[in-house]
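Just dropping this structure here.
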Amino acid sequence: MVDHASHHSAAEAPLDVAQVRRDFPILAETVHGQPLVYLDTAASAQKPRAVIEAMQAVYERGYANVHRAVHCLGALATDAYEAARDDVARFINAESADQIVFTRNATEAINLVASSYGRAALAPGDEIVLSEMEHHANIVPWQMLRHERGIVLRIAPIDDDGALRLDAFADLLGERTRLVAITHCSNVLGAVTPIRHVIGLAHAAGARVLVDGSQAIVHRRVDVQDLEADFYVFTGHKLYGPTGIGVLYGKREALEAMPPYQGGGEMIERVSFDATIFKAPPHRFEAGTPPFVQAVGLAAAIRYLTSLGLDRIAAHERDLLAYATEKLVNIEGVRVFGTTPEKSPILSFAVGDVHPFDLATLLDRRGIAVRAGHHCAEPLMARLGITGVVRASFGVYNTRAEADALAAGVRAAMDALA
């Protein structure tokens with residue numbers, strides 16, 4: 001892999017997308033005899049060679065279980081795992097690596113907070129505020145908690161363009177509000193929540209805030225101290241890292257007040273048949289053998305993105321979004337969802353009464369990978385009055401030529417289905 005850090009000393013230099021594409025082996029593949037056009041990064045990003053090689057190196061030269069062995073390989077694996085925690089902490093500007101809990105994914109991180117914080121801190125009648133944009137992963141855990149604890153869920157509405165209605169959100173905050181659990185960026189609309197403002201309003205009402213950053217952290221800098229988020233969660237595989245690894249960041253006092261989520265090895269100081277003494281966070285929340293190889297892969301992804309330059313990536317993706325949006329809206333019959341000015345490179349659309357699966361299938365025949373359906377956001381679909389959309393999501397490796405291919409594919413599909 002090319003050392004990108006040596007190639008962008010000038011911060012304003014544009015991203016060398018051709019070189020970036022060479023870092024992702026899968027982009028050289030063909031699908032149905034066509035060059036792969038991968039526009040499904042919001043579902044899961046492709047992996048750069050740096051991630052693949054970092055994980056391979058662990059398996060080939062440094063693999064043993066962590067935190068348990070006194071032998072050399074165990075120490076190497078433990079050092080690599082905890083170094084990954086340090087990398088994640090620096091990436092989101094956490095005060096300490098002890099505030100980084102590794103989970104399987106963002107879904108597990110949210111479930112951890114719902115089960116641990118929710119059971120310990122919430123009483124019947126307490127309220128949690130969500131938004132209409134939430135992924136099922138940030139709805140269902142709170143519904144399960146509602147069933148168990150008798151809490152109340154309140155739903156903040158959005159405008160027709162996908163923007164959160166801050167006035168309506170503020171009106172939902174009251175003396176029984178204990179938590180706001182909200183996305184930083186819609187996985188369907190790409191709409192970015194004004195999260196600092198949301199957190200400020202919630203804190204003024206005495207509520208904690210959990211931010212689902214799964215889609216946002218891929219496209220923008222996240223500084224958890226600047227945001228003053230109480231909890232911030234994201235998943236590794238959308239951030240060009242491997243599957244099986246997610247992150248829960250928590251303020252120190254919040255994590256220390258939370259009981260364990262699961263029981264088992266690694267999260268204890270001492271066990272007898274009478275009682276167990278638990279470790280301090282983050283290990284209190286990491287029962288069993290953790291995903292330490294995946295953590296190394298995530299750290300490699302973070303270093304890779306950082307070497308490219310987060311601001312340059314963001315500028316490249318803004319250009320792609322604007323270009324692709326213009327291409328699609330100029331096709332008669334195409335309706336784009338999510339038109340708020342502040343959005344990430346996620347482009348959801350419908351074509352007349354064409355079923356999203358039919359359109360996605362025809363695009364696939366041209367080598368274009370998009371996602372179709374409700375995108376685990378059925379309440380949002382209901383708000384929009386639809387059952388599904390086609391979603392094209394762009395990443396660091398995409399090009400304007402691929403946006404052209406998408407537009408051409410949509411036109412061809414419309415002709416075929418006419």
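The values are calculated or read from the model by the stated rules, or taken from the named source; none is laboratory data. Given the structure is predicted, the values throughout are model-derived calculations rather than measurements. In this analysis, Cβ positions are derived from the backbone assuming ideal geometry, glycine residues included, and neighbour counts consider all displayed protein chains. These area figures cover heavy atoms from the full protein model, side chains too; ligands, DNA and RNA do not enter into them. Shrake-Rupley method; radii C 1.70, N 1.55, O 1.52, S 1.80 Å.
Nearest 500 deg cm²/dmol is fine: what mean residue ellipticity at 222 nm does the chain get from its DSSP H runs of n ≥ 4 alone, each adding -39,500 (n - 2.57), divided by its residue count?
Calculated at 222 nm, the ellipticity per residue is -11000 deg cm²/dmol.
In µm²/s, what is D for the stretch 245-287 at 25 °C and 0.890 mPa s, where D = kT/(6 pi eta Rh) by Stokes-Einstein and Rh is the Kirkwood radius from Cα pairs?
This corresponds to a translational diffusion coefficient of 224 µm²/s.
Moving on to the next point. Can you list the HN-Hα couplings for the stretch 387-401, worked out from phi with the Karplus curve (6.51, -1.76, 1.60; θ = phi - 60°), rounded to whole Hz and with x for Gly and Pro?
Whole-Hz 3J(HN,Hα) from phi for the stretch 387-401: 10, x, 9, 8, 10, 9, 10, 9, x, 4, 9, 7, 10, 4, 4.
Quick check: with the 1.4 Å probe, what order do R61, R104, R149 take by accessible area, largest first? Could the numbers behind the result be given before it?
Details: R61 165, R104 145, R149 75 Å².
These residues rank, largest area first, as R61, R104, R149.
Of M258, I199, A168, which is farthest along the charge dipole of the chain in the positive direction, counting Lys and Arg as +1 and Asp and Glu as -1 at C-beta?
Value computed over the given set: M258.
Please report the orientation-averaged projected area of the stretch 274-418, defined via the convex hull of its C-alpha atoms, in nm².
Numbers: hull surface 53.5 nm².
In nm², the orientation-averaged hull projection of the stretch 274-418 is 13.4.
First obtain the Kirkwood hydrodynamic radius of the stretch 8-115 from its Cα pairs, then insert it into the Stokes-Einstein equation at 37 °C and 0.692 mPa s, and state the resulting D in µm² per second as a whole number.
My calculation gives 188 µm²/s for D.
Toward the positive end of the charge dipole of the chain, about the Cα centre and with charges on Cβ (Lys, Arg +1; Asp, Glu -1), which of H237, I92, I158 goes farthest?
The one lying farthest along the dipole's positive direction is H237.
Under a 1.4 Å probe, what is the accessible area of the stretch 183-325 per residue, stated in Å²?
On a per-residue basis, 35 Å².
Still on this structure: Ordering I139, I100, I277 by accessible area with a probe of 1.4 Å, largest first, what comes out?
Reading off the accessible areas and sorting them downward yields I277, I139, I100.
With a 1.4 Å probe and all protein chains kept in place, how do C376, C72 rank by accessible area, largest first?
C72, C376
Turning to a different aspect of this structure: Using only the alpha carbons of the stretch 336-390, determine the length spanned along each of the three principal axes and report them from longest to shortest in whole angstroms.
Its Cα atoms span 31, 22, 21 Å along the three principal axes.
When the accessible area of the chain is computed with all protein chains present and a 1.4 Å probe, what percentage of it is carbon and sulfur?
Carbon and sulfur atoms account for 51 percent of the accessible area of the chain.
Can you check what the net charge comes to around S96, using other residues whose Cβ is under 10 Å from the Cβ of S96 (Lys, Arg +1; Asp, Glu -1)?
Once positives and negatives cancel, what remains is -1.
How long are the three semi-axes of the equivalent ellipsoid for the stretch 63-192, computed from the Cα gyration tensor as the root of 5 times each eigenvalue, in whole Å, largest first?
Equivalent ellipsoid semi-axes, largest first: 35, 19, 12 Å.
For q values of 0.10, 0.11, 0.15, 0.18 Å⁻¹, compute log₁₀ I(q)/I(0) with the Debye formula on a Cα-only model of the stretch 187-295, without solvent.
-0.38, -0.45, -0.78, -1.00
From the P(r) of the stretch 189-231, can you give the percent of Cα pairs sitting at distances over 11 Å?
Here the long-distance tail beyond 11 Å is 66 percent of all Cα pairs in the stretch 189-231.
Okay, next question. Using only the alpha carbon atoms of the chain, find the Kirkwood hydrodynamic radius as the inverse mean reciprocal pair distance, in angstroms to one decimal.
One over the average 1/r among Cα pairs gives 22.4 Å for the chain.
Quick one: which of 281-287, 169-175, 345-351 comes out on top by average Cβ neighbours within 10 Å, and what's the full order, highest first?
345-351, 281-287, 169-175
Counting Lys and Arg as +1 and Asp and Glu as -1, what is the net charge of the other residues whose Cβ lies under 15 Å from the Cβ of Y397?
Net charge around Y397: 0.
Oh, and also: Could you do me a favour and compute the accessible area per residue for the stretch 53-126, 1.4 Å probe, result in Å²?
Normalised by residue count, the accessible surface of the stretch 53-126 is 46 Å².
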